[in-house]
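The values are calculated or read from the model by the stated rules, or taken from the named source; none is laboratory data. Just so it is clear, the structure is predicted and the values come from calculations on it, not from any experiment. Cβ sites come from the backbone with ideal geometry, for glycine too, and all protein chains shown count toward neighbours.
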Amino acid sequence: MIRVTELKLPLDHAPVALEAALLARLQLAKSELVAFTVFRRGTDARKRTAIEFVYTLDVTLRDEAAVLARFADDHNVVPTPDMAYKPVARTSSQTTARPIVIGAGPCGLFAALILAEAGFCPIIIERGTIVRQRTKDTWALWRRGILSPESNVQFGEGGAGTFSDGKLYSQIKDPRHQGRKVLTEFVAAGAPEEILWAAKPHIGTFRLVTMVECMRAKIEALGGTYRFETRVTGLELERAIDGRRRIAGVILGTGETLAARHVVLAVGHSARDTFEMLHAAGIAMEAKPFSIGVRIEHPQSLIDAARFGRASGNKALGAADYKLVHHAKNGRSVYSFCMCPGGTVVAATSEPGRVVTNGMSQYSRAERNANAGIVVGITPADYPGGLLAGIAFQRRWEEAAFVAGGGTYAAPGQRVADFLAGRPSTSLGAVIPSYKPGVTPTDLSTCLPDYAIAAIREAIPAFDRQIKGFALGDAVLTGVETRTSAPLRIPRDATWQSPNTRGLYPAGEGAGYAGGILSAGVDGIRVAEAILLELTNGGPPPVYRGSGGAALAYG
């Protein structure tokens with residue numbers, strides 16, 4: 001099979017035009033073509049007057065060798081790579097070794113799946129509830145202002161990605177095509193097949209709920225066991241023969257201890273009490289940068305028109321997105337984060353007395369507003385005071401937002417015109433904010449550091465030069481966005497384990513090694529593979545080149 005890339009056709013092309021373009025590209029007669037499939041379809045909207053689809057095709061020909069020889073110097077015509085997932089190891093007999101996976105988000109989910117498929121029966125410990133109950137608890141906050149600290153946008157089956165846009169693309173290096181494993185498992189669990197070929201695939205919250213349930217059933221059928229509404233409150237540690245610490249089990253909130261020699265730590269970026277427990281236990285950790293800011297909402301029609309011009313509204317294009325960056329005069333970087341076309345701003349706090357915002361879309365992306373985080377880079381120098389000072393920094397601004405919003409989990413909001421002019425908003429305009437349980441017009445300058453406010457004020461007009469209407473006076477800013485990532489990293493060595501605690505495998509967003517559903521799922525696969533290779537004496541774990549080996553941030 002041959003892969004042909006960068007095949008461009010007009011937006012409104014007829015279905016038969018794709019085959020004709022392929023034959024012309026390869027200089028072949030139709031009789032020489034056996035079949036072809038679309039591997040990927042992207043959109044080139046750089047010229048709004050001539051938007052094109054960009055195809056990558058996998059092609060079967062009668063004489064593929066001759067074609068490859070003819071195009072030997074053309075990097076857009078190459079053999080199709082084998083992207084099927086290949087397990088690194090499998091147990092050949094019944095085993096009593098049961099790895100523990102802490103956290104049932106995308107990272108923990110795929111770590112558990114790989115371990116279960118290999119014949120090792122993982123125990124998955126999740127502090128939150130099953131995804132259906134979690135959905136009810138989350139809606140209780142959105143509709144009635146009632147927070148469940150253990151079952152919300154951050155905690156529960158499916159992880160934080162369940163209440164998001166469900167984006168399934170990433171910029172990680174993926175030489176073994178483990179991202180394809182994530183996508184194919186999602187399709188098997190009920191995701192639309194288009195995620196296998198769309199350049200920017202997404203699923204949406206409602207579909208993610210049923211998919212998570214389906215994957216849980218698969219893991220359980222393979223011998224995995226779930227423990228919901230169960231917190232890990234401590235680690236059982238022992239000294240190994242070489243004098244180094246080794247994990248021997250986990251201590252649960254019930255007082256029970258589960259023995260384990262291999263523990264995947266996939267707790268997500270908001271498990272602050274778990275980070276405190278790990279720090280007290282002496283697990284190696286380090287402060288790292290993250291970002292904070294606000295959510296901005298515009299009419300989706302405005303973004304569509306700015307990005308697609310006269311093609312705006314074309315069903316084949318769907319809702320437009322954007323990605324923006326500005327380097328402010330005060331040295332801060334401001335960028336759009338987790339842009340949700342046709343979506344809503346959601347209440348994402350996990351702690352009483354604090355307000356946190358995030359963005360979410362359904363599969364249809366059909367809501368009236370577009371929203372995105374507009375966030376500012378923060379470094380450890382901004383929050384001196386120790387390893388856990390980043391958590392205190394986040395909490396400070398979340399508490400300020402709670403107060404500014406009125407103390408009811410309503411969020412503080414401000415019209416863009418008022419924000420840029422430095423005056424409080426006393427009312428909102430034509431753009432109706434989507435955040436529930438409500439938005440209180442106020443002054444956001446009390447909810448973020450002065451340098452962040454200054455950088456965002458400078459960035460919005462700059463973004464307006466890239467997307468006409470971005471500085472729309474009635475656009476709404478809602479605060480605060482603080483959970484872009486964890487404020488710390490839990491290091492791991494070339495064997496994917498904590499450098500000072502053998503058998504503990506930090507993974508995913510909470511450990512600082514992912515940023516989104518796809519990269520978190522891939523990181524879960526890689527950590528599970530490292531465990532499998534150790535359990536089966538299959539050799540050293542693979543090293544993924546690109547940023548210093550295994551201990552790298554894939555997000």
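Counting the residues of segment 188-210 that are assigned to a helix (DSSP H, G or I) and farther than 21 Å from A84 by Cβ gives 6.
The residue pairs whose first member lies in segment 279-292 and is free of Cβ contacts under 8 Å to residues at least 12 places away in the same chain and hydrophobic (A, V, I, L, M, F, W, C), whose second member is surrounded by 15 or more Cβ atoms within 10 Å (Cβ to Cβ) and in a strand (DSSP E or B), and whose beta carbons are closer than 9 Å, counting only pairs six or more residues apart or on different chains, are A280/G234. Going by the conditions given, is G546 closer than 16 Å to H262 by Cβ and either modelled with pLDDT of 95 or more or of a type in the set (G, A, S) (or both)? When the stated conditions are applied, G546 does not pass them. Out of curiosity, is T495 touching a strand residue (DSSP E or B) at 6+ places or on another chain (Cβ under 7 Å) and either within 30 Å of A266 (Cβ to Cβ) or surrounded by fewer than 24 Cβ atoms within 10 Å (Cβ to Cβ) (or both)? Answer is no for this residue.
Of the candidates F163, F155, the single residue that is crowded, with 24+ Cβ neighbours inside 10 Å, in the same structural domain as R526 (by TED's automatic domain parsing), within 21 Å of G253 (Cβ to Cβ) and of a type in the set (A, V, I, L, M, F, W, C) is F155. For segment 362-387, filtering for residues that are crowded, with 19+ Cβ neighbours inside 10 Å and within 19 Å of the chain's Cα centre (by Cα) leaves 10. Of all the criteria given as (1) in contact with a Leu (Cβ under 6 Å, 6 or more places away or on another chain); (2) farther than 20 Å from G108 by Cα; (3) assigned to a helix (DSSP H, G or I), the one not satisfied by W142 is (1).
Can you confirm whether E185 is within 30 Å of R40 (Cα to Cα), over 18 Å from the mean Cα position of the chain (by Cα) and not in a loop (DSSP other than H, G, I, E, B)? Against the criterion (within 30 Å of R40 (Cα to Cα), over 18 Å from the mean Cα position of the chain (by Cα) and not in a loop (DSSP other than H, G, I, E, B)), E185 does not qualify. For A319, the stated conditions hold: it is free of Cβ contacts under 8 Å to residues at least 60 places away in the same chain and among the aliphatic types (A, V, I, L, M). Selection of segment 457-474 for residues being surrounded by fewer than 24 Cβ atoms within 10 Å (Cβ to Cβ) and either of a type in the set (A, V, I, L, M, F, W, C) or under 25 Å from the mean Cα position of the chain (by Cα) (or both) yields I460, A462, F463, I467, A471, L472.
Of everything in segment 263-282 that is part of a loop (DSSP other than H, G, I, E, B) and within 25 Å of the chain's Cα centre (by Cα), the residue that is surrounded by the fewest Cβ atoms within 10 Å (Cβ to Cβ) is A271.
Which count do you get for residues in segment 195-217 that are more than 14 Å from T43 (Cβ to Cβ), surrounded by fewer than 17 Cβ atoms within 10 Å (Cβ to Cβ) and among the small types (G, A, S)? Summing the residues that are more than 14 Å from T43 (Cβ to Cβ), surrounded by fewer than 17 Cβ atoms within 10 Å (Cβ to Cβ) and among the small types (G, A, S) in segment 195-217 gives 1.
Residue check: Q171 meets all listed conditions (1) touching a residue at least 12 places away in the same chain (Cβ under 8 Å); (2) assigned to a loop (DSSP other than H, G, I, E, B) but one, namely (1).
The residues of segment 434-455 that are buried (at least 21 other Cβ atoms within 10 Å of the Cβ), in contact with a Ser or Thr (Cβ under 8 Å, 6 or more places away or on another chain) and within 17 Å of V345 (Cα to Cα), listed by number, are S434, Y435, V439. You will find that of A471, A475, A486, the residue that is under 15 Å from F393 (Cα atoms), touching an Asp or Glu at 6+ places or on another chain (Cβ under 7 Å) and aliphatic (A, V, I, L, M) is A486 and no other.
Consider segment 322-342 and keep the residues that are part of a loop (DSSP other than H, G, I, E, B) and either at pLDDT below 95 or aliphatic (A, V, I, L, M) (or both). The one that is farthest from A400 (Cα to Cα) is L324.
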